[in-house]
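I have placed the structure first, in the form of structure tokens, so that the comments after it can refer back to it.
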């Protein structure tokens with residue numbers, strides 16, 4: 001019986017590593033619908049470049065996890081950002097990370113349900129969510145985002161939208177990442 005449990009634990013660890021891109025991050029189930037998997041620095045930089053982030057932009061990151069995307073945008077471009085995360089523990093971690101990176105004056109992190117948040121002030125929206133979540137989020141984005149807003153998704157499409165641009169970012173030996181840009185018209 002003990003051998004089966006060890007095998008089960010091993011199998012789950014392998015599945016988590018595969019889901020996270022084999023070592024780039026580890027998937028962690030939190031309070032929300034989607035596991036937290038941190039985007040790699042290379043993917044984050046490409047997402048921000050593809051969105052053509054510039055001074056004056058306001059970035060909203062849906063499912064912001066530990067705040068990596070919003071913090072990177074603030075550090076690299078000097079822009080303001082808002083992280084939306086349902087898991088209060090990750091929100092606390094994001095706030096601490098922002099303080100440690102000295103960008104707490106540019107960013108804020110909200111413990112909130114993405115389906116109830118007003119994202120209309122955003123000029124850029126980033127997300128790393130599964131397709132089913134993106135499909136539920138799309139009508140909200142359709143209603144709230146203004147023309148010219150850029151939406152950038154890591155790996156997953158937004159069902160019903162056609163990306164304006166799709167790029168690949170080299171990952172590890174199992175998984176290359178996709179970055180999809182959607183421009184609101």
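Summary table below
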{"quantity": "Verdict on residue 148 being surrounded by fewer than 20 Cβ atoms within 10 Å (Cβ to Cβ) and either touching a residue at least 60 places away in the same chain (Cβ under 8 Å) or more than 21 Å from residue 48 (Cβ to Cβ) (or both)", "calculated": "no"}
{"quantity": "Output for the range 90-117, where each listed residue is part of a helix (DSSP H, G or I), under 27 Å from residue 141 (Cα atoms) and out of contact with any helix residue (DSSP H, G or I) (no Cβ under 9 Å at 6 or more places or on another chain)", "calculated": "90, 91, 92, 93, 95"}
{"quantity": "Which numbered condition residue 90 misses (of (1) surrounded by 21 or more Cβ atoms within 10 Å (Cβ to Cβ); (2) without any contact (Cβ under 8 Å) to a residue 60 or more places away in the chain)", "calculated": "(2)"}
{"quantity": "Residues of the range 155-185 that turn out to be touching a helix residue (DSSP H, G or I) at 6+ places or on another chain (Cβ under 6 Å), part of a strand (DSSP E or B) and either within 23 Å of residue 35 (Cβ to Cβ) or without any contact (Cβ under 8 Å) to a residue 40 or more places away in the chain (or both), as a count", "calculated": "3"}
{"quantity": "Exclusive hit being surrounded by 13 or more Cβ atoms within 10 Å (Cβ to Cβ) and at pLDDT below 55, set 11, 17", "calculated": "17"}
{"quantity": "Residues (under 15 Å from residue 34 (Cβ atoms) and buried (at least 21 other Cβ atoms within 10 Å of the Cβ)) located in the range 105-136", "calculated": "114, 126, 127, 128, 129, 134"}
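The values are calculated or read from the model by the stated rules, or taken from the named source; none is laboratory data. Note that the structure is a prediction, hence the values are computed from the model and not measured. Positions of Cβ are backbone-derived with ideal geometry, glycine not excepted, and every protein chain shown enters the neighbour counts.
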